[in-house]
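Let me begin by presenting the structure, written as structure tokens, before commenting on it.
The values are calculated or read from the model by the stated rules, or taken from the named source; none is laboratory data. This structure is a prediction, so every number in the text was calculated from the model and none was measured. Backbone-built Cβ (ideal geometry, glycine too); neighbour counts: all protein chains shown.
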Amino acid sequence: MRLTSSIILLTLSALASAANLQPPVNRTAGAHTQVHWDVSPNDREESWTLFLMDPAYAFGLYAILGTEIQNSLGVVDVVLPVGLDPSKDYILKSVKNDWVDYVLQESPIFHITAA
């Protein structure tokens, strides 16, 4: 029972962290847009890399939207790639600069409108 409680607590902590990164404000392919996230005093990374990914495939990287993004800002300006398929699902992931398999935050699933 104690192990189960620990697993549930870890899962809830991970989900709370994942809710901080928001989908792009303007979700049009090729558009300039902003991405927002919550900043916490408990954040361990000063900067990170932002990926645009396929939520159904762990290695489904569509684009690197930014590197060395300063976490303390809570917002970054990015350009979404041209030619993204509007019928697909997308997510954003913030990952460690020096270890891209280490996911810090993940946005909810969103769709992109064709340009």
(Q) Just to check your reading of the model, which residue among Gly83, Gly74 is out of contact with any Asp or Glu (no Cβ under 9 Å at 6 or more places or on another chain) and on the phi > 0 side of the Ramachandran plot? (A) Gly83
Q) Hey, among the residues in region 57-74 that are at pLDDT 95 or above and of a type in the set (A, V, I, L, M), which one's surrounded by the most Cβ atoms within 10 Å (Cβ to Cβ)? A) Leu65
Q.
For the structure I just gave you, tell me whether Ser47 is surrounded by 13 or more Cβ atoms within 10 Å (Cβ to Cβ) and farther than 21 Å from Asn26 by Cβ.
A. yes
Q.
Can you find, within region 96-115, the residue that is farthest from Ile69 (Cα to Cα) among those that are in a strand (DSSP E or B) and out of contact with any Phe, Trp or Tyr (no Cβ under 6 Å at 6 or more places or on another chain)?
A. Thr113
(Q) I'd like the full set of residues that are basic (Lys, Arg) and closer than 19 Å to Glu45 by Cβ, limited to region 71-115. (A) Lys93, Lys96
